[in-house]
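Heads up, the thing below is written out as structure tokens.
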Amino acid sequence: MNDIYIKRLLDLEVAKRNCDGELCEERLDPIMIARRYKDPTISLICALFAYGNVKQIIKFLNSLDFSLLQKSDDEIRDALKNHYYRFQKSEDITVLFIALKRLNKKNTLEEIFKIGYKKNKSAVEGVNELIKTLQNVYPYNSQGYNFLISNITTKTKGAGALKRWMMYLRWMVRADAIDMGLWRGIDRADLIVPLDTHTFTVSKKLGLLKRKSYDLQAAIELTLKLKTFDNSDPLKYDFALYRIGQEKLLFK
């Protein structure tokens, strides 16, 4: 398939998916919970826990009381003492809530991201600033927590794709029937595809991605390819690619 055909295919898929009905009980997605609140902090929690089976993700997110972000540390600990999700024990979840509460008392997620982003218009540097701030406001180390918030990224090849962080940025920066566009002053063209296994597989099969390694470099390369379809908004294709892979619409 040539690029003209693939672009036409994806443009049709984008038009079909960009509607309120795309997010429903039959086609679950973590952004459903984030859209319920339209709050950057709650959205980040939804994004960071967006790994694994989507039904279990939604079930877990629905079990959380996000008003805890306004409560005392002790109230947070007591309320979350029996919560856990896959790699995260109750203490990991508790620390995230307390860290976000402390961060919000100092600044906003948006402004902290921009501190890193504006240096080189780099989404990765913006994410690094957020991770560093979370680590500083509540120093804590565990396998589950480190997986949850990720580590500061200094390279692209062989590094984690930062899928959940990049998905969060898509939610915050883009605005359509799916994404919320809660932040301002960040160029959509600077976003990086939140590369997950569905998007990775479909992109390779379509010839959009040559790289065999599932890493941040692959996410960047796919983004650059999608920029040839829409230079100002390459991530408008992300949700469509994800759904094509999730629903196994190609190559049956």
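The values are calculated or read from the model by the stated rules, or taken from the named source; none is laboratory data. Remember, predicted model here, so these are calculated numbers, not experimental data. Please note: Cβ atoms are built from the backbone with ideal geometry, for glycine as well, and neighbour counts cover all protein chains shown. For the accessible areas, the whole protein counts, side chains as well, though only heavy atoms, and no ligand, DNA or RNA atoms are used. Shrake-Rupley method; radii C 1.70, N 1.55, O 1.52, S 1.80 Å.
For the stretch 111-127, a residue qualifies if it is open to solvent by 40 Å² or more (accessible area, probe 1.4 Å) and not hydrophobic (A, V, I, L, M, F, W, C), and the qualifying residues are Glu111, Lys118, Lys119, Asn120, Lys121, Glu125.
Which count do you get for residues in the stretch 65-79 that are farther than 14 Å from Ile45 by Cα and open to solvent by less than 70 Å² (accessible area, probe 1.4 Å)? Number of matching residues: 4.
Of the helices (runs of 4 or more DSSP H) lying entirely inside the stretch 33-116, the ones with 3 or more residues being in contact (Cβ under 8 Å) with a residue 12 or more places away in the chain and over 18 Å from Lys163 (Cβ atoms) are found at 40-48, 73-79, 90-106.
Yes or no, residue by residue, for (1) hydrophobic (A, V, I, L, M, F, W, C); (2) over 18 Å from the mean Cα position of the chain (by Cα):
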| position | (1), (2) |
| --- | --- |
| Ile57 | yes, no |
| Phe60 | yes, no |
| Leu69 | yes, yes |
| Ile76 | yes, yes |
| Asp92 | no, yes |
| Phe97 | yes, no |
| Glu110 | no, no |
| Phe113 | yes, no |
| Ser122 | no, no |
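One residue stands out in the stretch 170-220 among those that are assigned to a loop (DSSP other than H, G, I, E, B), buried (at least 20 other Cβ atoms within 10 Å of the Cβ) and touching a residue at least 60 places away in the same chain (Cβ under 8 Å): the one that is farthest from the chain's Cα centre (by Cα), namely Leu208. Look at (1) assigned to a helix (DSSP H, G or I); (2) under 30 Å from Leu209 (Cα atoms); (3) open to solvent by 10 Å² or more (accessible area, probe 1.4 Å); (4) not charged (D, E, K, R) and you find that Leu10 fails only one, number (3).
Restricting the stretch 221-252 to residues that are in a helix (DSSP H, G or I) and either modelled with pLDDT under 90 or at positive phi (or both), the residue that is surrounded by the most Cβ atoms within 10 Å (Cβ to Cβ) is Gly245.
Leu148 meets the conditions (1) open to solvent by 10 Å² or more (accessible area, probe 1.4 Å); (2) in contact (Cβ under 8 Å) with a residue 40 or more places away in the chain in every case but one. The failed one is (1). Evaluating Gly160 against the criteria (1) surrounded by fewer than 22 Cβ atoms within 10 Å (Cβ to Cβ); (2) over 14 Å from the mean Cα position of the chain (by Cα) leaves one unmet condition, (2). Does Tyr51 satisfy the criteria of being surrounded by fewer than 20 Cβ atoms within 10 Å (Cβ to Cβ), under 29 Å from Leu224 (Cβ atoms), modelled with pLDDT of 95 or more and hydroxyl-bearing (Ser, Thr, Tyr)? Against the criterion (surrounded by fewer than 20 Cβ atoms within 10 Å (Cβ to Cβ), under 29 Å from Leu224 (Cβ atoms), modelled with pLDDT of 95 or more and hydroxyl-bearing (Ser, Thr, Tyr)), Tyr51 qualifies.
Within the stretch 226-244, the set of residues being closer than 25 Å to Ala50 by Cα and charged (D, E, K, R) comprises Asp233, Lys236, Asp238, Arg243.
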